[in-house]
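One structure below.
The values are calculated or read from the model by the stated rules, or taken from the named source; none is laboratory data. All figures in this text were calculated on a predicted structure; none of them were measured in a lab. In this analysis, Cβ positions are derived from the backbone assuming ideal geometry, glycine residues included, and neighbour counts consider all displayed protein chains. Remember, those area values only see protein heavy atoms, side chains included, never the ligands or the DNA or RNA. Shrake-Rupley method; radii C 1.70, N 1.55, O 1.52, S 1.80 Å.
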Amino acid sequence: MAKQHYRMTKLELLSRILFLTIGAGLVAVALEIFLVPNNIIDGGIVGISIIISHITGLPLGIFLFLLNLPFLIIGYKQIGKTFAISTLYGVAVMSVGTTLLHPVKALTYSTFLAPVIGGVILGIGVGLVIRSGGSLDGTEIIAILFTKKTPFSVGEIVMFFNLFILGSAGFVFSWDSAMYSLIAYYIAFKVIDVTLEGIDQSKSVWIISQEWKEIGDAIISRLGRGVTYLHGEGAFSGGSKRVIFCVITRLEEAKMKSIVQELDPSAFLAVGNIHDVKGGRFKKRAIH
């Protein structure tokens, strides 16, 4: 018997709508109050919309909505109904927001402050929308489809599109604008990561060592983190091994490495980023 599709509670639905609204609203603020008045563009459909709006003189919000619409239809068929509806709502809020904010005067015309502050606000807004299950740019949907027929990753395809679009700003505005746009795009890209992962980003740690018990006890007592011991087998040697697994924050990474180095300098240590942690006993224990 097929499992019933999970349905969000009213509180979850309201929370999603709230963060989609805040995220898309912040993007509108970044565009109309900081970036567009300074001839600085973003990547993807937003960047194309800014360029066309500048050439035609028509409101930016019109192109933000119309150019994203075909991708929303594709997204509905390829990715799912919830994603498409969340994206449609986010794009609509962003489009209306830019239209309402267009008459508002820019807060700064500084070539330093505009891309920096605009990039930060843009990154926070886009990050909130992505965390809420939506998107504000159709190029990501196209990139997902392209990866099925090409050897390139989604990130590589999006980067190719964006470099082309950001480079176009040099011909439409000026090459200074193109370089400022790259700065704003880079800042937004980094802030999106922080928004998605949080400032206190989690990391997974895998350790293989003959001194597994001593290292595990040290992690518990000196870092206050719980550990899990896994049974492994060396593919080359065929020997039995113990694997230590635990989750820490990035601020604890240096301390973790020093513990392993101190107790077993020859130990295998792998550290990876984790986007989300739920359940279990990840909450930090008190250190005595």
First select every other residue whose beta carbon is under 14 angstrom from the beta carbon of L166; then total the charges, Lys and Arg +1, Asp and Glu -1.
-3
Among [x] 1.12; [y] 1.02; [z] 1.24, find the value of Cα Rg over 2.2 N^0.38 Å that was calculated from the structure presented, and write down its label.
[z]
So, in nm, how far is label L196 from label M179 when the simple model puts each one 7 Å beyond its Cα toward the Cβ?
3.0
Measure off, as a whole percent, the carbon and sulfur share of the 1.4 Å-probe accessible area of the chain, all protein chains present.
66
Could you work out the local net charge near L64, counting Lys and Arg as +1, Asp and Glu as -1, over the other residues with Cβ closer than 14 Å to its Cβ?
-3
Relative contact order as a percentage, the chain, C-alpha pairs under 8 Å and 6+ apart, gives 20
Over 25 Å between alpha carbons, listed pairs K77/K203; K81/K190; K149/K203; K203/K241; K213/K255; K77/K190:
K77/K203; K81/K190; K149/K203; K77/K190
Residues in the range 224-239 that a label on S204 would reach, taking backbone N under 14 Å of a point 7 Å out along Cα→Cβ:
228, 230
Order of 34-43, 59-68, 256-265 by packing, highest average Cβ count within 10 Å first?
34-43, 59-68, 256-265
